[in-house]
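A short worksheet on the structure shown next.
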């Protein structure tokens, strides 16, 4: 599934020369190569890269050679398999260090984490997915496989629904319609009408919740961070173990705190 999702994401993100005549195709293809690496795909052969990017082997060879020379890829001398180098983190570092919301939110996220002793995250929306851009782990060590840069489908996460709820409804529905609605667990909401109802409920109550929709045992509550015009810029969420709190307990204990934190991070 991960391989198919990667190929689909690359396809969606790739404009054509007809749609954007100013696009430099070679730059797009270089990033296409970099984007095939990920969890479960840390080391890839040249033929695997060619298959996943849609490039022919000759083209994949030229782009990987260039990225090797620039220091973004490494080649194992024995297996000849390719992998990313730490240099690829430079772009993420530049983004996080220069992003106003991330910088402004950090002290409030830290305060919320210390006050609740639970895992607290800051996420941004990227088309139909959310991306984790800040994360304070609790001592309970929930979902340790989620790190900065992890992506999840927005429709089955509390931050995603919270962000959708602050968009104009037609925009939110368009994002739902573009999403690949997959049931990751038996609790995942995948029906369009039910998702629209969740978005409307979140808009009414000011926060969104999810219970075991992406990970079994996971529960989360989130509120959107909005700009001066009321448009969502991201979301703060608090994640707990489903075994430790009932849905009502989670909302009663953390709902007001998460909404207050999101409000504090939003400009007046």
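Descriptive notes on the structure:
Listed here are the residues, each with its yes/no results for (1) more than 19 Å from residue 258 (Cα to Cα); (2) crowded, with 20+ Cβ neighbours inside 10 Å.
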{"site": "145", "(1), (2)": "yes, no"}
{"site": "150", "(1), (2)": "yes, no"}
{"site": "165", "(1), (2)": "no, yes"}
{"site": "169", "(1), (2)": "yes, no"}
{"site": "172", "(1), (2)": "yes, yes"}
{"site": "180", "(1), (2)": "yes, no"}
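- Checking each residue of region 170-183 against the condition of being more than 19 Å from the chain's Cα centre (by Cα) and over 20 Å from residue 248 (Cα atoms) gives at least one match.
- Looking only at residues in region 39-57 that are surrounded by fewer than 17 Cβ atoms within 10 Å (Cβ to Cβ) and over 15 Å from residue 80 (Cα atoms), the one that is nearest to the chain's Cα centre (by Cα) is 39.
- Residue 176 being in a helix (DSSP H, G or I) and within 26 Å of residue 146 (Cα to Cα): yes
- Taking region 218-232 as the range and being over 16 Å from residue 167 (Cα atoms) and free of Cβ contacts under 8 Å to residues at least 60 places away in the same chain as the test, only 219 passes.
- Flag for residue 112 being modelled with pLDDT of 95 or more, in the same structural domain as residue 138 (by TED's automatic domain parsing) and touching a strand residue (DSSP E or B) at 6+ places or on another chain (Cβ under 7 Å): yes
- Test for residue 199: is it under 17 Å from residue 224 (Cα atoms), touching a strand residue (DSSP E or B) at 6+ places or on another chain (Cβ under 6 Å) and modelled with pLDDT of 95 or more: no
- Annotation note: of 226, 259, 251, the sole residue that is under 23 Å from the mean Cα position of the chain (by Cα) and within 16 Å of residue 209 (Cα to Cα) is 259.
Every residue, every condition in (1) more than 26 Å from residue 205 (Cα to Cα); (2) assigned to a loop (DSSP other than H, G, I, E, B); (3) touching a residue at least 60 places away in the same chain (Cβ under 8 Å), yes or no:
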site: 139; (1), (2), (3): yes, yes, no
site: 148; (1), (2), (3): yes, yes, no
site: 159; (1), (2), (3): no, no, yes
site: 170; (1), (2), (3): no, no, no
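- All of 224, 262 fail the test of being touching a helix residue (DSSP H, G or I) at 6+ places or on another chain (Cβ under 7 Å) and either part of a strand (DSSP E or B) or crowded, with 18+ Cβ neighbours inside 10 Å (or both), apart from 224.
- Of all the numbered requirements in (1) under 20 Å from the mean Cα position of the chain (by Cα); (2) surrounded by 12 or more Cβ atoms within 10 Å (Cβ to Cβ); (3) not assigned by TED's automatic domain parsing to the domain that holds residue 238, residue 93 misses one, and that requirement is (2).
- Selection status of residue 181, assigned to a loop (DSSP other than H, G, I, E, B), touching a helix residue (DSSP H, G or I) at 6+ places or on another chain (Cβ under 7 Å) and either farther than 14 Å from residue 120 by Cα or not assigned by TED's automatic domain parsing to the domain that holds residue 105 (or both): yes
- Selection of region 233-259 for residues being in contact (Cβ under 8 Å) with a residue 60 or more places away in the chain and either under 13 Å from residue 162 (Cβ atoms) or surrounded by 16 or more Cβ atoms within 10 Å (Cβ to Cβ) (or both) yields 233, 234, 235, 236, 237, 238, 239, 240, 241, 254, 257, 258.
- Residues being in a helix (DSSP H, G or I), touching a helix residue (DSSP H, G or I) at 6+ places or on another chain (Cβ under 6 Å), in the same structural domain as residue 135 (by TED's automatic domain parsing) and buried (at least 20 other Cβ atoms within 10 Å of the Cβ) are entirely absent from region 207-220.
The values are calculated or read from the model by the stated rules, or taken from the named source; none is laboratory data. The structure displayed is predicted, hence computed values, not measured ones. Every residue, glycine as well, gets a Cβ built from its backbone with ideal geometry; the counts of neighbours run over all protein chains shown.
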